[in-house]
Amino acid sequence: MRRFSKAGAKVCSRFSKNNNCFQIFLRGTHSSVLSDLRLSLPERILSILFTKYPTMRFLLFWVLLTVSQISLISQTTYLHCGRVLPMTDTREQTNVTIVVENNRIARIEPGYLTPPPGVTAVDLKSKTVLPGLIDCHVHLEWEQSRSSYTERYTLNDTESAIRAVVYAERTLRAGFTTVRDLGGRGANIALRNAVNQGWVPGPRILTAGRVLSITGGHGDTSTGSREDLFDPPPGFEVGIADGPDACRAAVRHQVKRGADLIKVAATGGVLSMARDGRLPHYAEDELQTIVRTAADLGVSVAAHAHGDEGIRRAAVAGVASIEHGTFMSDETLLILKNKGTWYVPTLTAGWAVSDSAQFAPGFFPEVVREKAMGIGPKITETLGRAYKHGVKIAFGTDAGVFPHGKNNLEFQFMANAGMKPWDILLSATVNAAELMGMQGKVGTLGSGSFADIIAVDGNPLTDIRALERVVFVMKNGAVFSDER
Ligand SMILES: [Zn+2]
């Protein structure tokens, strides 16, 4: 074997001045080189085979090429885990090795396997290891601040996009390896593509592009502004749509631009300049058109909704998820339960706006401050009822309303609403993956799933706030942060 490689090296050096070494096999000059008297027995056999069956040269070439490429790409990591919550039927495993090959989990083996030469082992023996967390409601393009209401006139799209990159990285560092971005100016689509290309670090992103809203509704950022600054007024291309025809066009336009799902503002909202946050905005026929058009294009619909009537209309129309659901009645909760509609409560945003309204004078314009008061306690009470009724709950924070990277605060708020730790964990893993249509790929640790893996200090099943202490994040098989 050594002699063969020596001969190979000689052949290479002789020909590589002019061309690639592999081409020797292709040109047929190789047999004459191999007929050298110094050839070993295997080399002679190859030589005879090549002469008799010329196609074998091609076969060997492709085998060598494939093997060399596999060895270049293939990367294996062993994670030695003290405690694992795989979020599958097996609740908890202790003292195991997760074998990661490339970007997938190959298998989970009992005990701490000794890594073969060249394989890295990561010591997580004193940690709890979980699937990467999933946040079903973020806005990576912006972050609420005192200057938010003037930024729409001062910040250009490129600046907004660059800032979004920073927010995406913070989100990933907090242990969130997958998110749904529920609305921005459109940079969220570019951000998703940039992350997928590996240009910038960030979580896996499913994005809604721009929010669909009625004229003067929650997504109409021209509300409250001088009319001449928005002339002509925003139309379906930017998500402002009235009537079924415009709604149909708006859905198709967002999907054409690259949206993975549709976000609709079914009622007013807290942070927009409109007077009321609870009134229903879209009529039944508009919501039905949005849901049906989205379904025709293979995407789902997430509905922002605070008031009960708007929540009811959206659920009846068949949206996949109700976001916030602040003033949901028991009757409407039962509609969600019967239709299998997901509830994404976003407690952290509720508490953030309540606190700012109460304790930070001047943080919000007065029309917003009045709406923001008391939202946090109200959503908490609603989540408690939804949980008791058995409504399907998926984790979502509305990060951007509060600083990105603080998404983990939601866990404590969910516990305060009465949810048990295991159910909270399910909401941020298995449930969220199901809502996004990514079951088996993310949200569980098992053979074949993406190697999106985090480790925390402590045990979330006995102390939910352990999820605020993320010390290790692997996404797609690559270690992103390691602060053990
Ligand atoms: Zn939101």
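Would you confirm whether any residue within region 432-445 is farther than 27 Å from Tyr78 by Cα, part of a loop (DSSP other than H, G, I, E, B) and under 18 Å from the mean Cα position of the chain (by Cα)?
Yes, region 432-445 has at least one match.
Would region 171-178 turn up any residue that is assigned by TED's automatic domain parsing to the domain that holds Asp398 and within 16 Å of the ligand (Cβ to nearest atom)?
Within region 171-178, one or more residues are assigned by TED's automatic domain parsing to the domain that holds Asp398 and within 16 Å of the ligand (Cβ to nearest atom).
Of the residues that sit in region 213-262 and are of a type in the set (Val, Ile, Thr) and touching a residue at least 60 places away in the same chain (Cβ under 8 Å), which one is farthest from Gly310 (Cα to Cα)?
Thr221
Please give the helices (runs of 4 or more DSSP H) falling wholly within region 244-359 in which 2 or more residues are in contact with a strand residue (DSSP E or B) (Cβ under 6 Å, 6 or more places away or on another chain), farther than 28 Å from Phe411 by Cβ and among the β-branched types (Val, Ile, Thr).
284-296
What's the number of the condition Thr90 fails, among (1) part of a loop (DSSP other than H, G, I, E, B); (2) within 16 Å of the ligand (Cβ to nearest atom); (3) over 30 Å from Pro361 (Cβ atoms); (4) polar (S, T, N, Q)?
(2) is the only condition that Thr90 fails.
Is it the case, given these coordinates, that Gly219 is among the small types (Gly, Ala, Ser) and under 29 Å from Thr429 (Cβ atoms)?
Answer is no for this residue.
Are any of the residues in region 206-229 hydrophobic (A, V, I, L, M, F, W, C), assigned to a helix (DSSP H, G or I) and assigned by TED's automatic domain parsing to the domain that holds Asp260?
yes
Has region 345-357 got any residue that is surrounded by fewer than 24 Cβ atoms within 10 Å (Cβ to Cβ), assigned by TED's automatic domain parsing to the domain that holds Ser145, within 16 Å of the ligand (Cβ to nearest atom) and of a type in the set (A, V, I, L, M, F, W, C)?
Taking every residue of region 345-357 in turn, at least one turns out to be surrounded by fewer than 24 Cβ atoms within 10 Å (Cβ to Cβ), assigned by TED's automatic domain parsing to the domain that holds Ser145, within 16 Å of the ligand (Cβ to nearest atom) and of a type in the set (A, V, I, L, M, F, W, C).
Out of Ala360, Ala386, which single residue is over 28 Å from Ser160 (Cβ atoms), more than 16 Å from the ligand (Cβ to nearest atom) and among the hydrophobic types (A, V, I, L, M, F, W, C)?
Going through Ala360, Ala386 in turn, just one is over 28 Å from Ser160 (Cβ atoms), more than 16 Å from the ligand (Cβ to nearest atom) and among the hydrophobic types (A, V, I, L, M, F, W, C): Ala386.
Given the criterion surrounded by fewer than 18 Cβ atoms within 10 Å (Cβ to Cβ), in contact (Cβ under 8 Å) with a residue 40 or more places away in the chain and not assigned by TED's automatic domain parsing to the domain that holds Tyr343, identify the matching residue among Gly448, Gly390, Gly437.
Matching residue, one of Gly448, Gly390, Gly437: Gly448.
Can you find a residue that is under 28 Å from the mean Cα position of the chain (by Cα), modelled with pLDDT of 95 or more and surrounded by 21 or more Cβ atoms within 10 Å (Cβ to Cβ) anywhere in region 360-376?
Scanning region 360-376 turns up no residue that is under 28 Å from the mean Cα position of the chain (by Cα), modelled with pLDDT of 95 or more and surrounded by 21 or more Cβ atoms within 10 Å (Cβ to Cβ).
Among the listed residues Arg107, Arg180, identify the single one that is closer than 20 Å to Leu435 by Cβ and either in contact with a Phe, Trp or Tyr (Cβ under 7 Å, 6 or more places away or on another chain) or at pLDDT 95 or above (or both).
Arg180
Give the residue, chosen from Gly448, Gly396, Gly418, that is part of a loop (DSSP other than H, G, I, E, B) and touching a Pro at 6+ places or on another chain (Cβ under 8 Å).
Every option except Gly396 fails the conditions.
Keeping to region 451-466, report how many residues are within 13 Å of Phe480 (Cβ to Cβ) and part of a strand (DSSP E or B).
Qualifying residue count, region 451-466: 3.
Going through Ser321, Ser329 one at a time, which residue ends up being within 16 Å of the ligand (Cβ to nearest atom) and among the polar types (S, T, N, Q)?
After applying the criteria, what remains is Ser321.
Using the structure shown, decide if Thr128 is at pLDDT 95 or above and over 14 Å from the mean Cα position of the chain (by Cα).
Judged against the criteria, Thr128 is a match.
For region 140-186, which positions are in contact with a helix residue (DSSP H, G or I) (Cβ under 7 Å, 6 or more places away or on another chain) and of a type in the set (D, E, K, R)?
Glu141, Glu143, Asp157, Asp181, Arg185
Out of all the residues in region 404-426, is one or more more than 20 Å from the chain's Cα centre (by Cα), at positive phi and away from the ligand (no atom under 16 Å from the Cβ)?
Yes, that holds for at least one residue.
Cβ-Cβ under 8 Å, sequence separation 6+ or interchain: first residue in region 465-477 and closer than 8 Å to Asp452 by Cα, partner modelled with pLDDT under 95. Which pairs?
Gly477/Gln75
Looking for whichever is surrounded by fewer than 19 Cβ atoms within 10 Å (Cβ to Cβ) and away from the ligand (no atom under 16 Å from the Cβ) here; the options are Asp308, Asp285. Which one fits?
Selected residue: Asp285, the only one of Asp308, Asp285 that is surrounded by fewer than 19 Cβ atoms within 10 Å (Cβ to Cβ) and away from the ligand (no atom under 16 Å from the Cβ).
Which of (1) under 20 Å from Pro403 (Cβ atoms); (2) within 16 Å of the ligand (Cβ to nearest atom); (3) among the acidic types (Asp, Glu) is the odd one out, the single condition Glu159 does not satisfy?
(2)
The values are calculated or read from the model by the stated rules, or taken from the named source; none is laboratory data. Owing to the predicted nature of the structure, the values given are computational and were not obtained by experimental measurement. When we count neighbours, we look across all protein chains shown, and the Cβ atoms used for this are built from the backbone with ideal geometry, even at glycine.
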